[in-house]
Amino acid sequence: MRFDVVTLFPGMFTGPLEESIIKRARERGIVSIYLHNLRDYATDRHRTTDDTPYGGGGGMVMKPEPIFAAVESILGGEEGVPVILLTPQGRLFTQEVAMELARHPRLVLICGRYEGVDERVREHLVTDEISIGDYVLSGGELAAMVIIDAVTRLLPGVLGDPGAVFEDSHARGLLEYPHYTRPAVFRGWEVPEVLRSGDHAAIARWRREQALRRTWERRPDLLEKAQLTPEDREFLARLREEKKR
Ligand code: 6GU
């Protein structure tokens, strides 16, 4: 899979994309990430990428010409490639959106900066706008890195255990169950007996119930969309009864 990132700050990406999982995915040729400095596509003497807003008011707006020039040069006429603007006004990035993006062989990510981007970029160039949450970042760069990370780890061959992505928090619409490793007793705190029992059915049941309990306590909103079995619903009903008492 190929990512092309258009940004005024390519230096922000070194580090996060050169460690750990993404580093390995790049070395294995599963993903390639191309960083494009928007300033290189500005044509005036000062290589201007922003200007004051029509209508007045504070702040600066990213000019359309360099952004169009960058994307058109990157795509070279290739069609069907999502061109995604990272902006707090975009649709919310979720695990579901990550899975949807992972199906494409190629993505273009445009990092918005300043107060905004000329509206014609939205109307005539980008095919999608994404936000990573309800807070404001100084620019789309961190959001682009979040998306690259979340999408890359879904690609076949990136994670050691191919089943792992299906067990992740949010992958099945629930938060994850608690994890333990050795020692069995640490400072007097014991690993739950069931996990050491060797009873795989009991362990699976315990984990499912822990995941349900945790989601119910911390993110009850997720339960509305989760795929629940009749046993799950019984367990949740018991939790609600427990709380009443
Ligand atoms: Cl994609 N950009 C900015 N500037 N702020 C954000 C965001 C993106 N997502 C959440 N906050």
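Throughout, read-outs are computed from the coordinates displayed, never taken from laboratory work. Nothing here was measured: the structure is a model prediction, and the numbers come from that model. Please note: Cβ atoms are built from the backbone with ideal geometry, for glycine as well, and neighbour counts cover all protein chains shown.
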Going toward the positive end of the dipole of the chain, with +1 on Lys and Arg Cβ and -1 on Asp and Glu Cβ, which of 102, 5, 121 do you reach last?
102
Given charges at beta-carbon only (K, R positive; D, E negative), |dipole| of the chain in Debye:
980
For region 74-149, what D do you get in µm² per second when you plug the Kirkwood radius from alpha-carbon pairs into Stokes-Einstein at 4 °C and 1.567 mPa s?
101
Test of understanding: in a Gaussian network model of the chain with alpha carbons linked when under 10 Å, which of 235, 186, 93 would top the mean-square fluctuation ranking?
186
Region 1-63, relative contact order [Cα under 8 Å, separation at least 6], %
32
Proximal lysines relative to residue 243, as straight alpha-carbon distance under 27 Å, when same-chain residues fewer than 8 apart are discounted
225
Beta carbons within 10 angstrom, averaged per residue: use that to sort the peptides 61-67, 162-168, highest first.
61-67, 162-168
Estimated vicinal HN-Hα couplings, Hz - region 209-223 in sequence order (Karplus 6.51, -1.76, 1.60; Gly, Pro = x):
5, 5, 5, 5, 4, 5, 5, 5, 6, 9, 9, x, 4, 5, 5
Students often check this: by mean Cβ neighbours within 10 Å, which of 132-141, 210-219 ranks highest, and how do the rest follow?
210-219, 132-141
Given unit charges at Cβ for Lys, Arg (+) and Asp, Glu (-), the dipole magnitude of region 167-244 about its Cα centre in debye, nearest 20, is 180
How high is the relative contact order of region 1-111? Use alpha-carbon pairs under 8 Å, at least six apart in sequence, and give a whole percent.
35
Check residue 50: other-chain or 5+ apart residues with amide H under 5 Å from its amide H, H built from backbone geometry?
63
Whose amide H sits under 5 Å from the amide H of residue 2, counting only residues 5 or more places off or on another chain, with H placed in the peptide plane?
32, 106, 107
Under the definition of Cα pairs under 8 Å and six or more residues apart, what whole-number percent is the relative contact order of the chain?
18
Square roots of 5 times each gyration tensor eigenvalue, C-alpha, the chain, largest first, Å:
44, 21, 16
